[in-house]
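One structure is given below, encoded as structure tokens.
The values are calculated or read from the model by the stated rules, or taken from the named source; none is laboratory data. Predicted model only: the values in this text are computed from it and were never measured. Because the Cβ atoms are built from the backbone with ideal geometry, glycine has one as well, and the counts that use them run over all protein chains shown. Quick note on the areas: whole protein, heavy atoms, side chains included, nothing else; ligands and nucleic acids left out. Shrake-Rupley method; radii C 1.70, N 1.55, O 1.52, S 1.80 Å.
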2 protein chains.
Amino acid sequence: MSYKYAYNTRDTKFILKEWLPTEEVLAYDRYKDYWGIEDLDVVIDQVRKIAEEVIAPTAEDGETFGVQFKDGQAYIPPSFHKVYRFLQDQGWGTSNYGHQTEGALPLTVINMLVEIMSAANPAFMPYLTTGQGVVDIIQDFGSQELQDKFLPKLLDGTWGGTMSITEPSSGSDAGDMQSRAFPTDDPRIFNIVGQKIFITCGDRDDVENIIHMYLARVEGAAPGTKGLSLFVVPKYWVNEDGSYSPNDVQCIGVEHKMGLKGSSTAQLVVGENKGCRGWIVGNPPDENGVGQGMMQMFNMMNEARLDTGRLSTAVTANAYWNAKDYGKERVQGRPLTNPKVGRVTINQHEDVKRMYMVNKATTEACRALLAKCYYYSDVKAYDPDPDRRKWARNKLDMLTPLCKAYPSDEGWGLIAESLQSYGGYGYCEEYPAANAARDVKIWSIWEGTNYIQSLDLIGRKWTQGKGAHFASTLKEVEDFIAAHKDNWPGWELELNHLEKALNAYREIQMTVLGFMKTGQAGLMGLYARRILTATAQLYCGYLLLDQAVIAAKRMQELGEDHFDYNFYLGKTLSARYYLRSIVPYVWYTADLIKIADRTAIDAPVEVFDY
Amino acid sequence: MSYKYAYNTRDTKFILKEWLPTEEVLAYDRYKDYWGIEDLDVVIDQVRKIAEEVIAPTAEDGETFGVQFKDGQAYIPPSFHKVYRFLQDQGWGTSNYGHQTEGALPLTVINMLVEIMSAANPAFMPYLTTGQGVVDIIQDFGSQELQDKFLPKLLDGTWGGTMSITEPSSGSDAGDMQSRAFPTDDPRIFNIVGQKIFITCGDRDDVENIIHMYLARVEGAAPGTKGLSLFVVPKYWVNEDGSYSPNDVQCIGVEHKMGLKGSSTAQLVVGENKGCRGWIVGNPPDENGVGQGMMQMFNMMNEARLDTGRLSTAVTANAYWNAKDYGKERVQGRPLTNPKVGRVTINQHEDVKRMYMVNKATTEACRALLAKCYYYSDVKAYDPDPDRRKWARNKLDMLTPLCKAYPSDEGWGLIAESLQSYGGYGYCEEYPAANAARDVKIWSIWEGTNYIQSLDLIGRKWTQGKGAHFASTLKEVEDFIAAHKDNWPGWELELNHLEKALNAYREIQMTVLGFMKTGQAGLMGLYARRILTATAQLYCGYLLLDQAVIAAKRMQELGEDHFDYNFYLGKTLSARYYLRSIVPYVWYTADLIKIADRTAIDAPVEVFDY
């Protein structure tokens, strides 16, 4: 068994019950009759149990069975079918995302629970979660007819869903896609012709139908992303009586991937026999040829971006927890500080403790960042005050690129540290680290590469609302520092570092402004990914300190002998380590960017032949 | 085909013909009758051709056939047998490492050639190279009898060899190994009992015999590494008449690895039936129970450490060259600096050029570092002046941990950048990046983990010869700065950075000295790996600038229209990028270490449960 589930839910409970204002969310009309804060422990424990006992045992099938393609059909591991049905039936699946589902869990809660499940079999998770984005689009933008036709079976998991954007000739560059839509006599329905690749869950054999949210350009519409429209393209056309007819959606193959082998990544050809129809979502392109597709799809894409960060966090944390379990048993060497004690378990070695600490602190940082966004999702959707809803939407917009890119960038290095801590065993597939490393790499690429996220952050989010939204995100950090600076003994260094990082970050912004003013947009592109990382480091530094305020208080209340003391101590150590050993990279980045090294961008491409 | 060979040998030629004092080596008695500088182009071109046409086509067999274990025997891909025999017969193998082989290539040259071959099929390479270390040990420490008995068939590749150190209970901690040696009536021969794991080429079916260099403790010898002795333990005992008898060396399995699947990683049990004999190398333990084994084995291990850095460099460079080939063809998006030009090949995008540049500069840095060591190996072995030999040995000692750890640490991140540049295709096994990523990870672990290398650097190399040897390595950098500081127009910033980094590095040393003086050896351990990286960044910064001096001169001589101009331009850009964008991390590291964040090492291990 290469896959091992080692998840600890204590931080999840801390986040939901002690850190986030979850009570505020639970009091919304949407939830107040169903859930109270006292239910959360039971729900979390239940999901942890399901993850370990139901989901995790299927992970190995993803590696061995993989996804098999035969006669135009993708086959996923048979054990995945059962788990999928079980989770949908037991209420842990798509139904939670229906605006009207009775007893749905708050978004803040279900999204935290999905992290716990994700670590148990990351290749399986997209089968469970991709329907949710389709539900959201149809709920938010679909006609009553579309809602009636598609929502019920999406919500109960009878049908799956996909986000169909990427094409062979256009990945990061969606505006250049070739898929076309042609009007029919029925204004609701278009004929669709095109080809899509890298479609997660694009074909599978465990659901009756697959509802593709398909981006295409209505013939004659404007070029670029603005000319795109979004279509509901079912694998099988759903007739009035509920029966299915073929809809000329062909799966022509699946990818053979480095990891996530049980996850179906399909190549689709639609309308090759002129037989594919799709329902347009919202209105057709206006008189200027401007469609609504990209705006609608962003709804789904933003959720997929949070999902990506969550998968990365889950897999990285699971690899770390497996590593520290191994480190308790494995005896090797003597500690530098006190060699005379003789041989010790490796979790007592300085470098191994460093590997654990950087994993612990960073995965907690990522989890906090994501959790904050889940909370904003609830406020955005269900707060009675429209200003609060708007406030939450803006917050969410600012943090989404960080949520997608930071965990998926860091995961690669962090899992390498977990793997390294095993010594040679880490490289063997019998141990869980290698599998995690293979899995995590895709997440820096899909749903918009991390460079796209960086450009989104700097080019769009920094300036959105004339810069007011991003400024208010930085203001949070500033306010936190002001609130604690002179009245939190023992944390002076950490607060000082946060302040230094905030100032450095503002320097980064000035430096980039200088690039733009002097026609050097290329330098912005060159440093974009590092700026995104610095942004996440600054903001996560604040989040971990915010958590440490609570944890430090609890430590005092409980005393050293309490069984929960080490958890709270660990929270404070995560914050200290992050602020002392990671946040300094914000000012290093500020310094590096000022060097404004144009070498790479000025280099003629010919030099790269050598 | 997931594996693709894309090697460019121009930098190899530059290093051998323009940068290193190869002429000095070629003038040694050992070589002067066989090779001249004018032969090098032909030799390099020939090896490049063999790598592409003979070696590379077998790489995929490593992935598909892997290493199969059946009835106590490891089977390697059949195509590997042929390539092995071809290379040994054609003179590209072990014979070059014999002190007396006629016409052997200089170490400086053959070692550069092996890099070119390594990129073609890294899983194959250990079959070719592990015999070399056995040859060295037997030449340097073996009796005439051992030399006569074992060298001829090792040198012609009839027999393979291994370094047998690691055991189930002792990896990084060799001193705790359990293997035992018991005297027999013949003082030359011991009975051996023990178990070894992770033995590269520990079993294979393409050679007649395998000569294990086996570390064990003679019964009653001192504990720890100092009590170990080294034994020649053949898989099959070689009788006086040259025939073979079983020697109770059993292969009980091979590892299933994340990458390098065609490379045999064997578990061995020896003497389980009391039938294993080994020849002791050198003398048995002295009256204090001190053996010579570890000192002898270090000979082989140091070479294996250079091999490791070379494999990492080769695989990383090959991944980069594949990526840049892909980037010439793939059209996607518009450049930030001039979007109006329309869609462009991705090699014109800022972030992609950054990915290429960091790969190009760092792999050239690693190649330069390794090449310098190959040159020192020749001086150490064959210079007529004993002082020069000693000087070279000291230099080699200082740089070996850097050669092992820096390329293998950086490879993981660099290949991730190459992989990222493909977009989704990078994650598909049909493209070469995923394979390279899976291959490279082991090299930060084997032959002494990179933490072990770091402790070797700081604990041993900094202080060796009362600190004089390492000081002389830093002096090289200082002298270079002094020689060029005021007379190299256009390179002021780079020289300034190198000087700033050198000063920062001395601060790092002072900070670590402070740790040790205050009983905080743990902090040294905590920062050790980052200090090793900073050491490599400083030293490689100097090496790349040293190369740039030559390249800048050639550019002036040749002019822009010369076909080789872009190569030299690229060399200068590598140096500029490295000095402007990578070397600053030396002073960032100095700053970070001064923070002396004890959080990770002071943390009770219990906090890592969360």
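Going through B:53, B:115 one at a time, which residue ends up being open to solvent by 70 Å² or more (accessible area, probe 1.4 Å) and among the charged types (D, E, K, R)?
Criteria check complete, one pass: B:53.
If the requirement is being open to solvent by less than 10 Å² (accessible area, probe 1.4 Å) and of a type outside the set (S, T, N, Q), which of these qualifies: B:152, B:126?
After ruling out the rest, the residue left standing is B:126.
So that you can scan it fast, the table gives a plain yes or no per residue for (1) of a type in the set (Ser, Thr, Tyr); (2) within 14 Å of chain B (Cβ to nearest Cβ); (3) touching a Lys or Arg at 6+ places or on another chain (Cβ under 7 Å); (4) under 30 Å from residue A:80 (Cα atoms):
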residue	(1), (2), (3), (4)
A:122	no, yes, no, yes
A:132	no, no, no, yes
A:136	no, no, no, yes
A:149	no, no, no, yes
A:153	no, no, no, yes
A:165	no, yes, no, yes
A:185	no, no, no, no
A:189	no, no, yes, no
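Among the residues of region A:194-203, which ones are closer than 15 Å to residue A:252 by Cβ and part of a loop (DSSP other than H, G, I, E, B)?
A:202, A:203
Give the residues of region A:422-436 that are of a type in the set (Gly, Ala, Ser) and either buried (at least 24 other Cβ atoms within 10 Å of the Cβ) or more than 7 Å from every other protein chain (Cβ to nearest Cβ) (or both), sorted by residue number.
If the condition is that a residue be of a type in the set (Gly, Ala, Ser) and either buried (at least 24 other Cβ atoms within 10 Å of the Cβ) or more than 7 Å from every other protein chain (Cβ to nearest Cβ) (or both), then A:426, A:433, A:434, A:436 are the ones that fit.
Just to be sure I understand the filter: pairs with C-beta atoms under 6 Å, separated by 6 or more residues or on different chains, first member in region B:176-189 and in the same structural domain as residue B:149 (by TED's automatic domain parsing), second member assigned to a loop (DSSP other than H, G, I, E, B) and open to solvent by 70 Å² or more (accessible area, probe 1.4 Å). Which pairs pass?
B:180/B:219; B:182/B:219
Select from region B:554-603 the residues that are at the interface with another protein chain (Cβ under 7 Å from one of its Cβ atoms) and part of a loop (DSSP other than H, G, I, E, B) and list them in ascending order.
B:597, B:603
Do we have any residue at all in region A:154-162 that's at positive phi and part of a loop (DSSP other than H, G, I, E, B)?
Looking through region A:154-162, at least one residue is at positive phi and part of a loop (DSSP other than H, G, I, E, B).
Across region A:495-517, what is the number of residues that are within 12 Å of chain B (Cβ to nearest Cβ) and either open to solvent by 30 Å² or more (accessible area, probe 1.4 Å) or among the aromatic types (Phe, Trp, Tyr) (or both)?
Number of matching residues: 4.
Exactly one condition in (1) open to solvent by 10 Å² or more (accessible area, probe 1.4 Å); (2) within 18 Å of residue B:250 (Cα to Cα); (3) outside any loop (DSSP other than H, G, I, E, B) is not met by residue B:178; state its number.
For residue B:178, the failing item is (3).
Residue check, residue B:467 against (1) open to solvent by less than 40 Å² (accessible area, probe 1.4 Å); (2) touching a residue at least 12 places away in the same chain (Cβ under 8 Å), all met but one. Which one?
Just one mismatch for residue B:467, condition (2).
Within region B:290-298, does at least one residue satisfy the condition of being closer than 27 Å to residue B:76 by Cβ, more than 13 Å from chain A (Cβ to nearest Cβ), crowded, with 23+ Cβ neighbours inside 10 Å and not β-branched (Val, Ile, Thr)? So that I can check it myself, show each step before the final result.
Of region B:290-298, the ones closer than 27 Å to residue B:76 by Cβ are B:297.
Narrowing the set further to residues that are more than 13 Å from chain A (Cβ to nearest Cβ) leaves B:297.
Now drop any that are not crowded, with 23+ Cβ neighbours inside 10 Å, which leaves B:297.
The next check asks that each one be not β-branched (Val, Ile, Thr); those that pass are B:297.
Yes, the conditions are met somewhere in region B:290-298.
When region B:132-144 is examined, which residues are found to be over 15 Å from the mean Cα position of the chain (by Cα) and either at positive phi or in a helix (DSSP H, G or I) (or both)? Write out each step before concluding.
Residues of region B:132-144 over 15 Å from the mean Cα position of the chain (by Cα): B:134-144.
The answer is B:134, B:135, B:136, B:137, B:138, B:139, B:140, B:141, B:144.
Which one of these does residue A:610 not meet: (1) open to solvent by 10 Å² or more (accessible area, probe 1.4 Å); (2) in contact with a helix residue (DSSP H, G or I) (Cβ under 6 Å, 6 or more places away or on another chain); (3) in the same structural domain as residue A:455 (by TED's automatic domain parsing); (4) of a type in the set (Phe, Trp, Tyr)?
Of (1) open to solvent by 10 Å² or more (accessible area, probe 1.4 Å); (2) in contact with a helix residue (DSSP H, G or I) (Cβ under 6 Å, 6 or more places away or on another chain); (3) in the same structural domain as residue A:455 (by TED's automatic domain parsing); (4) of a type in the set (Phe, Trp, Tyr), only one is false for residue A:610: (3).
Identify all residues within region A:26-50 that are open to solvent by less than 60 Å² (accessible area, probe 1.4 Å) and aromatic (Phe, Trp, Tyr); write none if there are none.
Result: A:28, A:31.
Is it fair to say residue A:317 is within 14 Å of chain B (Cβ to nearest Cβ), surrounded by 24 or more Cβ atoms within 10 Å (Cβ to Cβ) and over 24 Å from residue A:402 (Cβ atoms)? Step through it out loud before you land on a result.
Numbers: within 14 Å of chain B (Cβ to nearest Cβ): yes; surrounded by 24 or more Cβ atoms within 10 Å (Cβ to Cβ): yes; over 24 Å from residue A:402 (Cβ atoms): no.
No, not satisfied.
On the basis of being assigned to a strand (DSSP E or B) and under 19 Å from residue B:161 (Cβ atoms), does residue B:207 make the cut? Give the derivation first.
Details: assigned to a strand (DSSP E or B): no; under 19 Å from residue B:161 (Cβ atoms): yes.
Spelling it out, it is not the case that residue B:207 is assigned to a strand (DSSP E or B) and under 19 Å from residue B:161 (Cβ atoms).
Applying the selection to region B:182-241, what residues are over 19 Å from residue B:289 (Cβ atoms), under 32 Å from the mean Cα position of the chain (by Cα), among the charged types (D, E, K, R) and surrounded by fewer than 23 Cβ atoms within 10 Å (Cβ to Cβ)?
B:205, B:206, B:208 - these are the residues of region B:182-241 that are over 19 Å from residue B:289 (Cβ atoms), under 32 Å from the mean Cα position of the chain (by Cα), among the charged types (D, E, K, R) and surrounded by fewer than 23 Cβ atoms within 10 Å (Cβ to Cβ).
Can you name the condition, by its number, that residue B:322 falls short on among (1) part of a loop (DSSP other than H, G, I, E, B); (2) touching a Pro at 6+ places or on another chain (Cβ under 9 Å); (3) open to solvent by less than 30 Å² (accessible area, probe 1.4 Å)?
Residue B:322 satisfies all of (1) part of a loop (DSSP other than H, G, I, E, B); (2) touching a Pro at 6+ places or on another chain (Cβ under 9 Å); (3) open to solvent by less than 30 Å² (accessible area, probe 1.4 Å) except (1).
Determine the pairs where a residue that is facing another protein chain (nearest Cβ under 7 Å), located within region B:344-368, has a partner that is among the hydrophobic types (A, V, I, L, M, F, W, C) and not in a helix (DSSP H, G or I) with Cβ atoms under 9 Å apart, the partner being 6 or more residues away or on another chain.
B:350/B:336; B:353/A:603; B:356/A:603; B:357/A:603; B:360/A:603
Determine whether residue B:376 is touching a Lys or Arg at 6+ places or on another chain (Cβ under 6 Å), without any contact (Cβ under 8 Å) to a residue 60 or more places away in the chain and either outside any loop (DSSP other than H, G, I, E, B) or aromatic (Phe, Trp, Tyr) (or both).
Working: touching a Lys or Arg at 6+ places or on another chain (Cβ under 6 Å): yes; without any contact (Cβ under 8 Å) to a residue 60 or more places away in the chain: yes; either outside any loop (DSSP other than H, G, I, E, B) or aromatic (Phe, Trp, Tyr) (or both): yes.
Considered against the rule, which asks whether it is touching a Lys or Arg at 6+ places or on another chain (Cβ under 6 Å), without any contact (Cβ under 8 Å) to a residue 60 or more places away in the chain and either outside any loop (DSSP other than H, G, I, E, B) or aromatic (Phe, Trp, Tyr) (or both), residue B:376 comes out as yes.
Kindly indicate whether any position in region A:72-82 is among the hydrophobic types (A, V, I, L, M, F, W, C), in contact (Cβ under 8 Å) with a residue 12 or more places away in the chain and open to solvent by 50 Å² or more (accessible area, probe 1.4 Å).
We begin by selecting, within region A:72-82, every residue among the hydrophobic types (A, V, I, L, M, F, W, C); these are A:74, A:76, A:80.
Adding the requirement that they be in contact (Cβ under 8 Å) with a residue 12 or more places away in the chain leaves A:74, A:76, A:80.
Adding the requirement that they be open to solvent by 50 Å² or more (accessible area, probe 1.4 Å) leaves none.
No, there is no match, as no residue in region A:72-82 is among the hydrophobic types (A, V, I, L, M, F, W, C), in contact (Cβ under 8 Å) with a residue 12 or more places away in the chain and open to solvent by 50 Å² or more (accessible area, probe 1.4 Å).
Suppose the filter is touching a helix residue (DSSP H, G or I) at 6+ places or on another chain (Cβ under 7 Å) and either under 30 Å from residue A:254 (Cβ atoms) or not assigned by TED's automatic domain parsing to the domain that holds residue A:206 (or both); does residue A:39 pass it?
For residue A:39, the condition - touching a helix residue (DSSP H, G or I) at 6+ places or on another chain (Cβ under 7 Å) and either under 30 Å from residue A:254 (Cβ atoms) or not assigned by TED's automatic domain parsing to the domain that holds residue A:206 (or both) - is not met.
Go through (1) modelled with pLDDT of 95 or more; (2) at the interface with another protein chain (Cβ under 9 Å from one of its Cβ atoms) and name the single condition residue B:285 misses.
Among (1) modelled with pLDDT of 95 or more; (2) at the interface with another protein chain (Cβ under 9 Å from one of its Cβ atoms), residue B:285 violates only (2).
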